[in-house]
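The values are calculated or read from the model by the stated rules, or taken from the named source; none is laboratory data. In this text the structure is predicted, and so the values were computed from the model without any measurement. Here the Cβ is made from the backbone with ideal geometry for all residues, glycine too, and neighbour counts use every protein chain on show. Heavy atoms of the whole protein, side chains included, go into the accessibility calculation; ligands, DNA and RNA do not. Shrake-Rupley method; radii C 1.70, N 1.55, O 1.52, S 1.80 Å.
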Amino acid sequence: MRRKRGQMDGVVLALLLVLLVLAAAITVAGSKKFGWWLRPLASEHGAAIDRLFVTTLVITGVVFILVQLLLAFLVFRYRGEAGRRAVFYPDNPRLELAWTIVPAVILTMLILSGGRLWSRIQLSSPPPDAFVVEVWGQQFKWAIRYPGKDGKFGRVDMRLISGDNPLGIDTKDPASKDDIFFPAGEGELHVPVNKPVVVYLRSKDVIHSFYVPHFRVKQDAVPGMVTRVWFVPTRKGQFEIACAELCGQGHYTMRGILIVEDEAQVQEWLAQQSTVADLIP
């Protein structure tokens, strides 16, 4: 009775492993019909991120399938049987070196590729004529500021924050007069298509993360710091801004709208907005 149970356990476990592999394969194969979990690409640098992502997925997926199938075979092949005795197998240095060095080389190549891509995206400087905007994170909304016609942001000081001046803009700074700002949750982020866009990020309270899935853009907004991310939108349309950092109980409601359109339309829209000089006495 005990022997038969051991044989059945081996068969069932092997079948479960095979089913696990089939489920993984069907899930990936069905992505073409039911949709890939990555949002349709809308930025220039996003293609390189997607390539690295897919490469990593294919390599780890193939290894996962082979390992699970091998495990299923071994479980089935060496399931409990009458009279079977364990085999003494001391070691095999060549085999151990192979299964250590090969994965190490593959993982090192993936890590180096990821680090190189990250450096190219994060450490490279944007062109001097890039479109510039500032985004502030605040529980649980996004505030936006444009530099105005002079292309310069005015100074900000947290001690100046008030109901009329939610970003603490220093109105004594001449560069702040033509700034255009939208308090948290009251504006949309308009950027031009096919032109580099630089987003400077600030936070008024806790750590937030500016995340635009279609652009493969994600950058933290940290209190007391100004962080930066830049990208080139390649597709017009309306896209969602999310917060990718758990920032409090209302984190799930922290959404914004990013609109990509022709540069002439962006400039026309900006020209219609009120400036700091109009709004703050």
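Just checking the listed ones, ALA23, ALA82, ALA221: in the Gaussian network model of the chain with Cα springs under 10 Å, the one fluctuating most is ALA82. Ranked from largest to smallest solvent-accessible area, with a 1.4 Å probe on the protein heavy atoms, MET109, MET254 come out as MET109, MET254.
The helix-only estimate of mean residue ellipticity at 222 nm for the chain, built from DSSP H runs of length n ≥ 4 each weighted as -39500 (n - 2.57), is -13000 deg cm²/dmol after division by the residue total. Which residue, ILE241, ILE101, ILE180, has the most motion in a Gaussian network model of the chain that connects Cα atoms within less than 10 Å? Greatest mean-square fluctuation among the candidates belongs to ILE101.
Solvent-free Debye calculation, one equal scatterer per alpha-carbon of the stretch 23-91: log10 I(q)/I(0) at 0.15, 0.21, 0.28 Å⁻¹ equals -0.70, -1.02, -1.26. Carbon-plus-sulfur accessible fraction, the stretch 131-278 (probe radius 1.4 Å, protein heavy atoms only): 49%. Once all protein chains are placed together, TYR78 keeps about 140 Å² accessible to a 1.4 angstrom probe.
Projected label points at ALA47 and ASP9, each 7 Å from Cα along the beta carbon direction, are separated by 5.5 nanometres. Put simply, the stretch 128-223 fits an ellipsoid with semi-axes of 21, 18, 11 Å; these come from the alpha carbon gyration tensor as the roots of five times its eigenvalues, largest first.
Using only protein heavy atoms and a 1.4 Å probe, report how much of ILE111 is accessible, in Å² to the nearest 10. About 120 Å², rounded to the nearest 10. Only one of the values [x] 39, 17, 17; [y] 30, 23, 19; [z] 55, 20, 18 was calculated from this structure for semi-axes √(5λ) of the Cα gyration tensor in Å; name its label. From the options [x] 39, 17, 17; [y] 30, 23, 19; [z] 55, 20, 18, the structure gives [z].
Computed from Cα positions, the angle between helix 93-122 and the longest principal axis of the chain comes to roughly 10 degrees. Between the alpha-carbon centres of the stretch 256-275 and the stretch 187-249 there is a gap of 17 Å. In the context of the full protein assembly, ASP9 retains an accessible surface of approximately 90 Å², using a probe radius of 1.4 Å and ignoring ligands and nucleic acids. For the stretch 131-278, the solvent-accessible area with a 1.4 angstrom probe is 47 square angstrom per residue. When the residues PHE231, PHE73, PHE153 are ordered by accessible surface, computed with a 1.4 Å probe over the protein chains alone, the sequence from largest down reads PHE73, PHE153, PHE231.
For the stretch 131-278, the tally of Lys pairs with Cα-Cα distances below 29 Å comes to 28, considering only residues 8 or more apart or on different chains.
Counting every C-alpha pair in the stretch 1-157, the share spaced more than 19 angstrom apart comes to 76%.
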